[in-house]
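The values are calculated or read from the model by the stated rules, or taken from the named source; none is laboratory data. Quick caveat: nothing in here was measured; it's all calculated off a predicted structure. Here Cβ is always computed from backbone atoms with ideal geometry, including for glycine, and neighbour counts include all displayed protein chains. All accessible areas refer to the heavy atoms of the entire protein, side chains included, with ligands and DNA or RNA removed. Shrake-Rupley method; radii C 1.70, N 1.55, O 1.52, S 1.80 Å.
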Amino acid sequence: MMHAVTYRPPEFGDQQQISACMWASADLWELTDGTSESVTEWKQICDPGELRDRILSSERMLVATWNGIVVGFIAFRRGNHLSLLFVRREFARQGIGRELLARNSNDLDTITVNSSDAAVGFYRKVGFIQSGDRFFKNGVWATPMKWTKIAVS
């Protein structure tokens with residue numbers, strides 16, 4: 001039987017699955033430069049304790065689940081700054097990232113993100129434009145990007 005992807009706010013207890021989803025979404029060597037500094041940064045971002053704290057905060061977040069498994073995750077910081085967006089590789093290119101973004105940002109006029117090199121193409125496809133120079137921080141390259149809602153008159 002085919003299971004549909006469902007979307008819901010993350011719950012306390014989801015942090016292990018969200019961490020697993022993040023690890024299954026990205027190639028460590030695509031996201032870091034392989035130095036201990038960048039790998040340490042990645043491990044902290046994916047740490048279940050860090051994710052638990054985020055779930056318990058008032059941040060804007062959503063998970064996508066399939067058959068009870070977290071297959072996608074989105075989180076914002078400071079209101080409109082997209083800080084995390086991950087979809088498991090085997091679920092990529094099925095519209096889950098686009099749907100997480102749409103469901104979690106429909107009331108925002110602008111969204112900012114510091115995109116990994118691997119995600120720049122996705123963000124361009126969903127309407128983001130580069131808003132600054134690519135930069136290197138904590139062993140990771142990122143490109144600042146911005147999305148602005150188009151006013152419909």
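Summary table below
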read-out	value
Tally, over the stretch 61-90, of residues that are among the basic types (Lys, Arg), open to solvent by 70 Å² or more (accessible area, probe 1.4 Å) and in contact (Cβ under 8 Å) with a residue 24 or more places away in the chain	1
Qualifying positions in the stretch 93-131 - under 24 Å from residue 42 (Cα atoms), aliphatic (A, V, I, L, M) and without any contact (Cβ under 8 Å) to a residue 60 or more places away in the chain	101, 111, 113, 119, 120
Residue that is closer than 19 Å to residue 137 by Cα, of a type in the set (Lys, Arg) and out of contact with any Phe, Trp or Tyr (no Cβ under 9 Å at 6 or more places or on another chain), where the choices are 54, 77, 93	77
Residues that are in a strand (DSSP E or B) and among the charged types (D, E, K, R), drawn from the stretch 115-153	137, 146
Sole exception among (1) within 28 Å of residue 130 (Cβ to Cβ); (2) at pLDDT 90 or above; (3) of a type outside the set (Gly, Ala, Ser); (4) in contact with a Cys (Cβ under 9 Å, 6 or more places away or on another chain) for residue 23, by number	(2)
Restricting the stretch 96-153 to residues that are aliphatic (A, V, I, L, M) and open to solvent by 50 Å² or more (accessible area, probe 1.4 Å), the residue that is farthest from residue 75 (Cα to Cα)	152
